[in-house]
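The values are calculated or read from the model by the stated rules, or taken from the named source; none is laboratory data. None of these values were measured; they are calculated from a predicted model. FYI the Cβ positions are ideal-geometry reconstructions off the backbone, even for glycines, and counts take in every protein chain you see. When the accessible area is computed, the model is the full protein with side chains, heavy atoms only, and any ligands, DNA or RNA have been set aside. Shrake-Rupley method; radii C 1.70, N 1.55, O 1.52, S 1.80 Å.
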Amino acid sequence: MTKQQLAAPISRLRSAGFGSAGFGSARVAAALTLLAAIAMATLGASPARADRCDDLAAQLKSQIDGLSIGKTAANLIYLSHPQAKQITLGCASRNISNQLFARADSRKPKPAFLELVASASAIIFTLPKDEMLKGATRCIKRMGLFRGDDVKTRYRRLDMNCSRTKTDASITISRGVDQ
């Protein structure tokens, strides 16, 4: 209902004498204003929407087979997948817009793990999957004798951090707020 449609009944009531001093114009005006505010709030209210990060997690679940959504805590949504030991989706904060963290169960991740990371990061950062696979593979393969076990690189305006311990390897992909 528009403001003009709401104003028409009010003007008819005033012309009928409800706005004059004889009928308690202050009370009537307050009641009509309250009625108009309720009508505008009821008709102009938008449906409830979930958080952007929750929408992104639901989109990941619908597009990646085997992915399930776990608990949400401290701007992190915990996900699970058979190919990853641990996988989380980081929501927007002061420093980052979104973040994907994935930990493999071996020191040298399998191609299926890299496919999972590429699929998830392609959805999160809206980039092509083959480009994300190339970036994740490049980051994981750079770890070694010369560069060490903690590698930081940038690829397609994304910050990638790959690290490994004696038992597992992990990759973190994030985009800064200013990019």
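Has region 135-142 got at least one residue that is in a loop (DSSP other than H, G, I, E, B) and modelled with pLDDT under 95?
no
Can you tell me how many residues in region 148-178 are under 27 Å from the mean Cα position of the chain (by Cα) and open to solvent by 100 Å² or more (accessible area, probe 1.4 Å)? Number satisfying all stated conditions: 5. Would you call residue 120 under 26 Å from residue 177 (Cβ atoms), surrounded by 15 or more Cβ atoms within 10 Å (Cβ to Cβ) and touching a residue at least 40 places away in the same chain (Cβ under 8 Å)? Yes.
If you take the residues of region 41-57 that are farther than 17 Å from residue 121 by Cβ and surrounded by 11 or more Cβ atoms within 10 Å (Cβ to Cβ), which of them is modelled with the lowest pLDDT? Selected residue: 43.
Contact map, region 133-147: first residue surrounded by fewer than 13 Cβ atoms within 10 Å (Cβ to Cβ), second residue of a type in the set (Phe, Trp, Tyr), Cβ cut-off under 7 Å, separation 6 or more or different chains; the map is empty. For region 62-98, which residues satisfy the criterion of being surrounded by 15 or more Cβ atoms within 10 Å (Cβ to Cβ) and either β-branched (Val, Ile, Thr) or in a helix (DSSP H, G or I) (or both)? Residues satisfying the conditions are 64, 69, 72, 77, 87, 88, 96. Of the residues making up region 55-98, those that are at positive phi and touching a helix residue (DSSP H, G or I) at 6+ places or on another chain (Cβ under 8 Å) number 1.
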